[in-house]
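The values are calculated or read from the model by the stated rules, or taken from the named source; none is laboratory data. Quantities reported herein were computed from a predicted structural model and do not represent experimental measurements. Positions of Cβ are backbone-derived with ideal geometry, glycine not excepted, and every protein chain shown enters the neighbour counts. Ligands, DNA and RNA are stripped out before the accessible areas are found, and what is left, the full protein with its side chains, is counted by its heavy atoms. Shrake-Rupley method; radii C 1.70, N 1.55, O 1.52, S 1.80 Å.
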Amino acid sequence: MTGRTTIIAEVGVNHNGDLETAKRLIEVASDAGADFVKFQTFKAENLVTKKADKAEYQSRNLSDTESSQFEMLEKLELSHSDHLILKSYCEERKIKFFSTAFDIEGIHYLNSLGLKMFKVPSGEITNYSYLKALADIGKPVILSTGMSSLNDISNALEVLLTGIKKENITILHCNTDYPTAYSDVNLMAMLNIKETFKVNIGYSDHTPGIEVPIAAVALGASIVEKHFTLDKTMPGPDHKASLDPFELKKVFTPIIGNSPLCFKV
């Protein structure tokens with residue numbers, strides 16, 4: 001981690017299952033000055049049943065209510081070869097490769113690739129086995145908190161602390177709505193997390209603009225995470241809630257310079 005706010009440029013599944021698109025996204029993240037570019041590591045068959053419906057926002061963003069979540073996710077998987085190629089390309093572009101695992105198998109796989117840090121997605125904050133696997137590895141962890149209560153956070157932190165020092169845990173305030181309405185952001189929740197648990201804090205942003213992550217930095221976020229895409233009109237569940245390359249650079253520039261524009265706190 002750097003002395004300033006750590007910046008994670010979140011690809012997620014915005015590569016649409018295409019390796020060349022993924023490499024272009026790495027280039028965009030590197031050019032924007034991000035510290036990490038983050039993907040998602042999963043196998044659809046381990047996450048959902050073959051008949052599971054897509055989330056409402058996924059159907060809305062895809063304009064598709066017919067195909068299943070399994071069909072959507074299967075097209076977005078990254079193979080072992082893809083992971084190796086993308087990790088190597090990140091090294092070439094001077095940016096750190098990062099990915100979120102969605103099950104224990106994925107955790108151990110990413111650990112085998114030499115990742116120095118792990119990200120707990122919001123949906124796994126109550127998954128004891130998942131959290132314990134991370135605690136057993138003992139590497140730094142970023143914990144997202146979308147849809148969770150303070151009690152959920154407390155329980156997750158208790159598990160993680162069995163193997164990870166508190167100073168190596170960062171808790172991200174997060175809204176699990178894509179895109180997130182400005183009226184629902186509530187950055188004060190981030191400060192409440194800091195005060196309640198005495199931990200490093202950050203913000204995972206899904207708003208459509210650039211203002212909120214900059215404001216989060218002004219309030220003391222040590223990590224900010226922002227979804228981005230090559231083109232918001234591309235087909236896929238998350239493109240519409242992501243920044244384009246120009247916007248990504250615009251939001252990261254003041255953060256990198258430790259000058260969060262004119263926000264007052």
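Answer yes if at least one residue in the range 11-33 is closer than 26 Å to Ser129 by Cα and modelled with pLDDT under 95, and no otherwise.
The answer is yes, given that some residue of the range 11-33 is closer than 26 Å to Ser129 by Cα and modelled with pLDDT under 95.
Out of all the residues in the range 78-97, is one or more touching a Ser or Thr at 6+ places or on another chain (Cβ under 9 Å) and in a strand (DSSP E or B)?
Within the range 78-97 (the criterion being touching a Ser or Thr at 6+ places or on another chain (Cβ under 9 Å) and in a strand (DSSP E or B)), the answer is yes, since at least one residue qualifies.
Within the range 57-71, is even one residue at pLDDT 95 or above, in contact with a Leu (Cβ under 9 Å, 6 or more places away or on another chain) and either exposed (fewer than 15 other Cβ atoms within 10 Å of the Cβ) or among the hydrophobic types (A, V, I, L, M, F, W, C) (or both)?
No; the residues of the range 57-71 include none that is at pLDDT 95 or above, in contact with a Leu (Cβ under 9 Å, 6 or more places away or on another chain) and either exposed (fewer than 15 other Cβ atoms within 10 Å of the Cβ) or among the hydrophobic types (A, V, I, L, M, F, W, C) (or both).
What are the pairs with Cβ atoms under 7 angstrom where one residue, in the range 35-59, is outside any helix (DSSP H, G or I) and the other, located anywhere, is modelled with pLDDT under 65? Sequence gap at least six, or different chains.
Qualifying pairs under 7 Å: Asp35/Thr2.
So the check is Cβ under 9 Å with 6+ separation or different chains; which pairs have a first residue in the range 74-89 that's under 15 Å from Ser112 (Cα atoms) and free of Cβ contacts under 8 Å to residues at least 40 places away in the same chain and a second one that's acidic (Asp, Glu) and open to solvent by 60 Å² or more (accessible area, probe 1.4 Å)?
Listed by first residue and then by second, the contacts come to nothing, as the list is empty.
Looking for something more than 15 Å from the chain's Cα centre (by Cα), within 17 Å of Asp35 (Cβ to Cβ), at pLDDT 95 or above and open to solvent by 20 Å² or more (accessible area, probe 1.4 Å) - is there at least one such residue anywhere in the range 94-111?
Checked against the condition, which is being more than 15 Å from the chain's Cα centre (by Cα), within 17 Å of Asp35 (Cβ to Cβ), at pLDDT 95 or above and open to solvent by 20 Å² or more (accessible area, probe 1.4 Å), the range 94-111 yields at least one hit.
In this structure, does Tyr130 turn out to be open to solvent by less than 40 Å² (accessible area, probe 1.4 Å) and hydroxyl-bearing (Ser, Thr, Tyr)?
yes
Hey, can you tell me all the residues within the range 133-149 that are out of contact with any helix residue (DSSP H, G or I) (no Cβ under 9 Å at 6 or more places or on another chain) and open to solvent by less than 20 Å² (accessible area, probe 1.4 Å)?
Ile142
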